[in-house]
Amino acid sequence: EAGVAQSPRYKIIEKRQSVAFWCNPISGHATLYWYQQILGQGPKLLIQFQNNGVVDDSQLPKDRFSAERLKGVDSTLKIQPAKLEDSAVYLCASSFRGLDEQYFGPGTRLTVT
Amino acid sequence: GENVEQHPSTLSVQEGDSAVIKCTYSDSASNYFPWYKQELGKRPQLIIDIRSNVGEKKDQRIAVTLNKTAKHFSLHITETQPEDSAVYFCAASKGRSYIPTFGRGTSLIVHP
């Protein structure tokens, strides 16, 4: 079974620039999550999709972050403009349904200088 | 919202000893409690989970206990091995959709 794919793996940008991350979940997984993991902390859920609908985005900083999953399969997370405090690993995860085991992707390490 | 506290932040043990990591949660409606292991530079992986209708669950050297009254749950690793060294995260979630809140993590170091 192919795992969750993410790209890019690493990204370095300057503050105020824009960046986008891509995630392709495991085939057939209806639920997709984006997490932000700051060094030394646990993952923080940014947004959860069920198919192409948003289940929860209460912790997504909507003034600068946006995410979409238009066809209910792959998803993109965008930051515009980036701030220094956005430096983190952005993890994508998927599960078959809401309460099933989550499978994480390798993450994208973002450095904002 | 839910708040998950995890202790200790660092745990150092000798190979063969047991390790215990504890988490408390604030929302009594939480009903699903997974534990993840994250090795350095790698993705988190689910190692064990427990639902609120169960008090204890075991899987070989790993066990999780849940005390709903006190709102805390613990991870127990027996006969620790150097390959158990990693950061362990607990999480709590409620309702029909899995919307987890993670603890800050425990760095477990197993000395050979």
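The values are calculated or read from the model by the stated rules, or taken from the named source; none is laboratory data. Computed from a predicted structure; not experimentally measured. All Cβ positions, glycine included, derive from the backbone under ideal geometry; neighbour counts span all protein chains shown. Protein only, heavy atoms only, side chains kept; ligands, DNA and RNA dropped before computing areas. Shrake-Rupley method; radii C 1.70, N 1.55, O 1.52, S 1.80 Å.
Computed quantities for the displayed model
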{"read-out": "Meets criteria (facing another protein chain (nearest Cβ under 10 Å) and either under 28 Å from A:Val4 (Cα atoms) or surrounded by fewer than 17 Cβ atoms within 10 Å (Cβ to Cβ) (or both)) for B:Ala63", "value": "no"}
{"read-out": "Breaking point among (1) more than 14 Å from every other protein chain (Cβ to nearest Cβ); (2) open to solvent by 70 Å² or more (accessible area, probe 1.4 Å); (3) not aromatic (Phe, Trp, Tyr), for A:Asn51", "value": "(1)"}
{"read-out": "Unmet requirement for B:Val110, which otherwise passes all of (1) of a type in the set (A, V, I, L, M); (2) more than 14 Å from chain A (Cβ to nearest Cβ); (3) without any contact (Cβ under 8 Å) to a residue 24 or more places away in the chain", "value": "(3)"}
{"read-out": "Residues within region B:10-44 that are over 17 Å from the mean Cα position of the chain (by Cα) and within 11 Å of chain A (Cβ to nearest Cβ), tallied", "value": "2"}
{"read-out": "Only one of A:Gln41, A:Gln36 that is within 12 Å of chain B (Cβ to nearest Cβ), within 26 Å of B:Phe89 (Cβ to Cβ), without any contact (Cβ under 8 Å) to a residue 40 or more places away in the chain and polar (S, T, N, Q)", "value": "A:Gln41"}
{"read-out": "Residue list for region B:13-47, filter: among the hydrophobic types (A, V, I, L, M, F, W, C), modelled with pLDDT of 95 or more and farther than 24 Å from A:Gln36 by Cβ", "value": "B:Val13, B:Ala19, B:Val20"}
{"read-out": "Subset of region B:56-88 that is in a strand (DSSP E or B) and of a type in the set (Val, Ile, Thr) - its residue that is nearest to B:Ser107 (Cα to Cα)", "value": "B:Val87"}
{"read-out": "Test: residue in region B:32-52 that is in contact (Cβ under 8 Å) with a residue 40 or more places away in the chain, open to solvent by less than 30 Å² (accessible area, probe 1.4 Å) and farther than 30 Å from A:Phe49 by Cβ", "value": "no"}
